[in-house]
Structures are given as structure tokens and as C-alpha cells.
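Asker: I am attaching a structure below and will ask some questions about it afterwards.
No lab work stands behind these numbers, since they all come straight from the coordinates. Since we're looking at a predicted model, the values are computed, not measured. Note that each Cβ is placed from the backbone with ideal geometry, even for glycine, and that neighbours are counted across all protein chains shown.
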Amino acid sequence: MAEEKVIAYIKKCLEEGKMPEAIDTSKMAGVPLSKEELNNYIHKYLENGWVSRALKGSKASGIELTPEIITDYIKKYLDEGRIYSAVDAAKLIGKPLPAEKLVSIGNEYLINGNLTSGLEAYKLAGEIPQAEVLITCGKTCFSNGQLSHGLEAYKLGGSKPTVEELIECGEVCLCEGEITQGLEAFELAGKTPTKEMLRECGEVCLIERRVDDARKAFVAALTVNNI
């Protein structure tokens, strides 16, 4: 029973990224940990973006994190928009991401409608995105049904979306069953969605078992005078 508790504690430490503590405990308790298992956990930390924990685990276990491994994870982090993890990982190989690179990455994120990651990249670079890039981001967000991000992008860009953009966003939201954002987008545009749109939105909500949203959509449809 005592050994089972020790093993459970070691497992808990490993799962939480406390590899040095797990290794020390395993040595004192005489419970061996294989290099393969430790290596798997180090990669798990990296998958989670726990760069500092992976580094501590690497040092405690004697398992080398080669520049090639770190570079692969940097690419992965950047692809997934995990800017801070990418920056931390780049420091491990002594090649911090330069400001120019971060701005370039930020632009790419913004153009593709990823407002949060784009702003994070610019913040780390100590720069502010150009208004044109923010407006482009806003347009993309609206076309993807991301109302709040679209509005924020336009606000930061010192501009306002057109009625057509808001309606487009509202239609996308309703098609995806996002009744609250859809209604808000139409309200901001000063327009009203059709009964058909609202009913279809309600049906999507019902299929996804979001009863409250479905009710909201059907009730909204009853108040619409258009056909």
C-alpha cells in the first residue's frame, strides 16, 4: 500500500510537470523511472507549451533537448498561435525571436482573423499594428462570424464596420446557431434578420441541444414582421 502511494505521488508530480521532484522521490523510494517514460513526459510538457518545466525535466533526467527538437516545437507553437511559448522556446536555443519576426507573425495572424495572437505578437515586439492591418483583421473576423473580435479590431484601427459587414457577420452567426451574436450584429447594422434565418438558427441550436438558445431564436422569429 505504501509503495502504491509513492507511485501515485510520482505519477502526480510527472503529470503536473514537476519532474525533478518525481525523480528525487523515485530515487529515495527505490522506484525506477525509465528514460523512455521521462522523455515522453518532457515531450508532453512541450506539447502543452510548458517550456520551463520541460527544461527543468531535461536537466533533472539528463535527457538533452536538441536545437532541432526545440525548433520543431517553435514552429508548432507559432502555427497554433501560442506566441509566448514560442518566445520561451526560442530562448532555450539562444536565438530569441527578433522584433521583425514577431511583427511579421503578428501581421499574418491579423490578416487571417486571429486577433488575440496577432496582438500578442505585436506586444512582445513592442510595436503597434497598422490601422490597415487591423481593419483587414476585422473584415476577416466578421466573415468568420467573430463579432466581438471584429468590433475590437475595427475599434483599435480607429474605424467602424459597414452595414454590409455587420449583416454578413450576423448571417454567419445565425447559420452557426450563434443566436446572441447574430442578433447583436443585425442590431448594430440597424437591420432585422428574416424569420427563415431565425428559425434555421433555432433548429441548429436544437440539434446541438442548446434549448435556451433555440427558444431565443424561435421567439425572435415570432416578433419579426418580414417574410
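Asker: Rounding to the nearest 20 debye, state how big the charge dipole of the chain is about its Cα centre with +1 on each Lys and Arg Cβ and -1 on each Asp and Glu Cβ.
Answerer: Once rounded to the nearest 20, the dipole reads 660 debye.
Asker: So what is the 222 nm mean residue ellipticity for the chain from helices alone, if each DSSP H run of at least 4 adds -39500 (n - 2.57) and you divide by all residues, rounding to the nearest 500 deg cm²/dmol? Write out the running numbers ahead of the final one.
Answerer: Numbers: 14 runs with 168 residues, N = 227.
About -23000 deg cm²/dmol.
Asker: Work through the residues other than CYS13 whose Cβ is under 14 Å from its Cβ and net out their charges, Lys, Arg +1 and Asp, Glu -1. Could you put the intermediate results ahead of the total?
Answerer: Details: positive: LYS5, LYS11, LYS12, LYS18, LYS27, LYS44, ARG53, LYS56; negative: GLU15, GLU16, GLU21, ASP24, GLU37.
Result for the local shell: +3.
Asker: With all pairs of different alpha carbon atoms counted, what Kirkwood hydrodynamic radius in Å does the stretch 99-161 show? Please report the intermediate quantities before stating the final value.
Answerer: On the way: mean 1/r = 0.0915 Å⁻¹.
Mean inverse Cα-Cα distance, inverted, gives 10.9 Å.
Asker: Work out the FRET efficiency for GLN130 and GLU15 from their Cβ-Cβ distance, taking R0 = 41 Å, and round it to the nearest 0.05.
Answerer: Working: r = 44 Å, r/R0 = 1.06.
Between GLN130 and GLU15 the formula returns 0.40.
Asker: Within the stretch 9-107, which chymotrypsin sites (Phe, Trp or Tyr not before Pro) sit in a loop by DSSP and count at most 16 neighbouring Cβ atoms inside 10 Å? All intermediate terms of the calculation are to be shown ahead of the outcome.
Answerer: Numbers: sites: TYR9, TYR41, TYR45, TRP50, TYR73, TYR77, TYR84; in loops: TRP50.
Taking the stretch 9-107 and a limit of 16 other Cβ atoms within 10 Å, no loop chymotrypsin sites (Phe, Trp or Tyr not before Pro) are found.
Asker: Further, regarding this structure: Tell me, what is the Rg over Rh of the stretch 165-227, with Rh the Kirkwood radius over Cα pairs?
Answerer: Details: Rg = 10.3 Å, Rh = 11.0 Å.
Reported Rg/Rh, Kirkwood definition of Rh: 0.94.
Asker: D for the chain, whole µm²/s, Stokes-Einstein with Kirkwood Rh over alpha-carbon pairs at 20 °C and 1.002 mPa s: what number? Please list the in-between numbers first.
Answerer: Details: Rh = 21.0 Å.
Roughly 102 µm²/s, to the nearest whole number.
Asker: Please list, by residue number, every one of the GluC sites (Glu not before Pro) in the stretch 84-142 that is coil in DSSP and has at most 16 other beta-carbon atoms within 10 Å. Please report the intermediate quantities before stating the final value.
Answerer: Working: sites: GLU100, GLU108, GLU120, GLU127, GLU132; in loops: GLU127.
Sites meeting the loop and neighbour criteria: GLU127.
Asker: Excluding ARG215 itself, calculate the net charge of residues whose Cβ lies under 13 Å from the Cβ of ARG215, where each Lys or Arg counts +1 and each Asp or Glu counts -1. Working shown, then result.
Answerer: Working: positive: ARG199, ARG209, ARG210, LYS216; negative: GLU203, ASP212, ASP213.
Result for the neighbourhood of ARG215: +1.
Asker: For the stretch 120-155 and the stretch 13-44, what is the separation of their Cα centres, given in Å?
Answerer: Cα centroid to Cα centroid, the span is 43 Å.
Asker: Taking the simple approach of a point 7 Å from Cα along Cα-to-Cβ for both SER159 and ASP72, what is their distance in nm?
Answerer: It works out to 4.2 nm between the two label points.
Asker: Further question: State which entries of LYS123/LYS191; LYS27/LYS56; LYS12/LYS75; LYS56/LYS76; LYS44/LYS155; LYS123/LYS216 exceed 27 angstrom in Cα-Cα distance in the structure shown. Write down the numbers at each step before the final one.
Answerer: Details: LYS123/LYS191 36 Å; LYS27/LYS56 17 Å; LYS12/LYS75 29 Å; LYS56/LYS76 21 Å; LYS44/LYS155 39 Å; LYS123/LYS216 39 Å.
Exceeds cut-off: LYS123/LYS191; LYS12/LYS75; LYS44/LYS155; LYS123/LYS216.
Asker: Now, a different point. Any chance you could run the full-extension gain for GLU196 through GLU100? It's 0.36 nm times the residue separation minus the Cα-Cα distance, nm to one decimal. Intermediate results must be reported in sequence, preceding the final value.
Answerer: Details: separation 96, 0.36 × 96 = 34.56 nm, distance 4.85 nm.
Stretched fully, the GLU196-GLU100 segment lengthens by 29.7 nm.
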